[in-house]
């Protein structure tokens, strides 16, 4: 079995999500969309792999907006089309943050700027705690989705919808892949600490909290992948036009 992790930038590490899929016997294949050399000039031509060659697709996060067609449209538009086709073909898709936003847009919803950012560890409201526990989950986003009409929202916060299912697709706004290593990669990016501090978040406290939370968040990530594969990935195919 093969799982394709679509990494939209060079710091989209999979953390416990990688390990959870490997536990289930999946061979992880990583595909980098925007290399580090193009980080500030991301509107590049991309030759995506053939999605039908994979048993699961995991679109990861990104520092870009899923609505920024002028900024990243050369690869954003093709990826949206390929993800829609994969969904209609019944390939299970687990979209994380930007990846969840991509799935919302690809399936008929939309994405826009949030009224405020969510950064750090948050409890969320869940209608199905066996699929999406209340957390805490790690949030790192400035955007949010409006769901497709046929999607079922599972969880939410005061700021944004946090999880939905539609056929064999699961989209989450939070970051189940976070651990201390992943967070450090994000903060080490140029301007990483500054953008977090600009939202009133203490970076050192965030590091400490992530280290303290990691044993529990790792388990939640494993449980989330387990339930996704057992329940969502085996659901009836729900096609969109």
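The values are calculated or read from the model by the stated rules, or taken from the named source; none is laboratory data. Keep in mind that what you see is a predicted model, and the values were worked out from it rather than measured. Every residue, glycine among them, receives a Cβ derived from its backbone with ideal geometry; neighbour counts consider all protein chains shown.
Screening residue 156 against (1) touching a helix residue (DSSP H, G or I) at 6+ places or on another chain (Cβ under 8 Å); (2) over 20 Å from residue 229 (Cβ atoms); (3) buried (at least 16 other Cβ atoms within 10 Å of the Cβ) leaves a single unmet condition, (1).
Just so you know, in the range 189-217 the residues that are part of a helix (DSSP H, G or I) and in contact (Cβ under 8 Å) with a residue 60 or more places away in the chain include one that is nearest to the chain's Cα centre (by Cα), and it is 217. Scan the range 39-48 for residues that are at pLDDT below 95 and either under 18 Å from the mean Cα position of the chain (by Cα) or surrounded by 13 or more Cβ atoms within 10 Å (Cβ to Cβ) (or both) and the total you get is 1. Within the range 136-174, the residues that satisfy the criterion of being more than 16 Å from the chain's Cα centre (by Cα), within 24 Å of residue 233 (Cβ to Cβ) and assigned to a loop (DSSP other than H, G, I, E, B) are 148, 149, 150, 151, 167. Is there a residue being over 27 Å from residue 231 (Cβ atoms), surrounded by 14 or more Cβ atoms within 10 Å (Cβ to Cβ) and touching a strand residue (DSSP E or B) at 6+ places or on another chain (Cβ under 6 Å) anywhere in the range 84-97? No, the range 84-97 contains no residue that is over 27 Å from residue 231 (Cβ atoms), surrounded by 14 or more Cβ atoms within 10 Å (Cβ to Cβ) and touching a strand residue (DSSP E or B) at 6+ places or on another chain (Cβ under 6 Å). Only residues that are in a helix (DSSP H, G or I) and either under 17 Å from the mean Cα position of the chain (by Cα) or in contact (Cβ under 8 Å) with a residue 60 or more places away in the chain (or both) were counted across the range 78-116, and they come to 17.
Residues of the range 112-130 being crowded, with 17+ Cβ neighbours inside 10 Å and either at pLDDT below 95 or more than 15 Å from residue 218 (Cα to Cα) (or both), which ones? Hits for the range 112-130 are 117, 118, 119, 120, 122, 124, 126.
Exactly one residue out of 169, 146 is within 17 Å of residue 224 (Cα to Cα) and either at pLDDT below 95 or touching a strand residue (DSSP E or B) at 6+ places or on another chain (Cβ under 7 Å) (or both): that is 169.
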